[in-house]
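Working notes for the structure below.
The values are calculated or read from the model by the stated rules, or taken from the named source; none is laboratory data. Here the structure is a predicted model, which is why all the values come from computation and not from measurement. Because the Cβ atoms are built from the backbone with ideal geometry, glycine has one as well, and the counts that use them run over all protein chains shown. Areas reflect the complete protein model, heavy atoms only, side chains present, ligands, DNA and RNA absent. Shrake-Rupley method; radii C 1.70, N 1.55, O 1.52, S 1.80 Å.
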Amino acid sequence: MVSVINTVDTSHEDMIHDAQMDYYGTRLATCSSDRSVKIFDVKNGGQILLADLRGHEGPVWQVAWAHPMYGNILASCSYDRKVIIWKEENGSWDKMYEYTGHDSSVNSVCWGPYDFGLILACGSSDGAISILTFSGDGQWDIKKISNAHTIGCNAVSWAPAVVPGSLIDQPTGQKPNYIKRFVSGGCDNLVKLWKEEDGQWKEDQKLEAHSDWVRDVGWAPSIGLPTSTIASCSQDGRVFIWTCDDPSGNTWTAKLLHKFQDVVWHVSWSITGNILAVSGGDNKVTLWKESLDGQWACISDVNKGQGAVSSVTDGQQNEQ
């Protein structure tokens with residue numbers, strides 16, 4: 001059974017587009033059409049406003065926390081075409097870096113696995129994806145994939161650093177084989193996989209199943225088991241689960257999780273990668289889990305607006 005454990009009154013003056021907990025689950029970052037990013041201390045069910053970050057000149061679509069081994073760092077992206085990286089020093093938050101290399105709205109930001117250092121992928125409506133890598137001394141190295149998605153990129157999500165199957169196949173004492181990969185979703189209805197080879201980013205796979213804009217993609221966390229899993233959701237109301245058991249990463253199969261009656265905005269994996277949260281235009285969040293027979297079942301139904309919770313039986317699922 002799922003229950004609502006905390007409600008935070010953000011005092012945002014317009015729609016909230018994203019809310020992200022930090023690594024330890026003690027801080028919450030939110031962003032809004034009111035152009036602000038806010039950070040709250042939410043320890044023990046409380047809510048203390050720690051920072052109200054102003055720097056964007058348009059709606060702020062997404063925020064992302066870097067791994068805490070690099071300090072308290074938060075990235076935000078906006079309709080104003082900017083990506084801002086914020087850092088906390090001695091209790092106060094300031095801009096660490098501002099990236100202005102896109103020609104249109106930046107819709108998604110996602111930090112790569114900490115194994116790769118500070119590396120941020122940014123997807124934009126100009127169709128390009130930028131990869132920003134911190135090289136020390138305040139310098140950021142920029143790589144750009146132009147025309148990653150025609151008409152625009154809506155979402156980016158990194159693959160786990162460990163190669164599928166490395167948990168089982170790795171000779172003891174040997175370092176696992178790391179590889180930089182991420183997935184993106186766009187207005188061309190496509191899900192695309194990207195891989196770094198010899199310092200250059202190349203399109204690795206093109207996954208087709210959606211019939212309208214892909215709104216979000218999420219690569220599931222992994223501990224090095226043989227299967228790779230990606231979730232994608234779309235304007236077409238459908239959520240697909242993509243899996244690949246092939247070590248070379250070439251063969252992906254799509255399974256329809258559910259067809260909703262409205263646009264599906266976001267998909268988000270639990271830290272262990274076995275539960276998927278889905279939020280859509282029906283103002284509901286649903287949680288889904290794969291059963292032993294490989295079928296995905298809804299294990300909850302949290303009504304976002306009311307904070308009410310009800311269990312979903314198979315009969316109700318079909319009406320969602």
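General observations
Results for (1) farther than 14 Å from Lys192 by Cβ; (2) touching a residue at least 12 places away in the same chain (Cβ under 8 Å); (3) among the hydroxyl-bearing types (Ser, Thr, Tyr), shown as yes or no for each residue.
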site	(1), (2), (3)
His102	yes, yes, no
Ser125	yes, yes, yes
Lys143	yes, yes, no
Ala155	no, yes, no
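- Residue that is surrounded by the most Cβ atoms within 10 Å (Cβ to Cβ) [pool: residues in region 255-276 that are within 17 Å of the chain's Cα centre (by Cα) and more than 20 Å from Gly186 (Cα to Cα)]: Leu276
- Cβ-Cβ under 6 Å pairs, at least 6 apart or on other chains, region 33-48 side closer than 13 Å to Ser76 by Cβ, far side small (Gly, Ala, Ser) and part of a strand (DSSP E or B): Val37/Ser76; Ile39/Ala29; Ile39/Ala51
- Region 182-212, residues that are hydroxyl-bearing (Ser, Thr, Tyr) and either at pLDDT below 95 or open to solvent by 60 Å² or more (accessible area, probe 1.4 Å) (or both): Ser211
- Taken over region 221-266, the criterion of being at pLDDT 95 or above and of a type in the set (Gly, Ala, Ser) is satisfied by Ala231, Ser232, Ser234, Gly237, Ala254.
- Options Ser234, Ser184, Ser228: the member that is over 18 Å from Asn154 (Cβ atoms) and touching a residue at least 40 places away in the same chain (Cβ under 8 Å): Ser228
- Residue list for region 213-252, restricted to those being over 18 Å from Arg181 (Cβ atoms), open to solvent by 10 Å² or more (accessible area, probe 1.4 Å) and assigned to a strand (DSSP E or B): Arg215, Arg238, Phe240
- Residue selected from region 164-181 under the condition of a type outside the set (S, T, N, Q) and part of a loop (DSSP other than H, G, I, E, B), by the criterion modelled with the highest pLDDT: Lys180
- Counted residues, region 34-44 - those being modelled with pLDDT of 95 or more and open to solvent by 30 Å² or more (accessible area, probe 1.4 Å): 1
- Annotation: of all residues in region 1-33 being of a type in the set (Ser, Thr, Tyr) and under 21 Å from the mean Cα position of the chain (by Cα), the one that is most open to solvent (accessible area, probe 1.4 Å) is Tyr24.
- Total residues in region 152-161, condition surrounded by fewer than 23 Cβ atoms within 10 Å (Cβ to Cβ) and among the aliphatic types (A, V, I, L, M): 1
- For beta carbons closer than 9 Å, sequence separation of 6+ or different chains, a first residue in region 203-220 that is closer than 12 Å to Thr253 by Cα and touching a residue at least 12 places away in the same chain (Cβ under 8 Å) and a second that is aliphatic (A, V, I, L, M) and surrounded by fewer than 16 Cβ atoms within 10 Å (Cβ to Cβ), the qualifying pairs are Ala209/Leu256.
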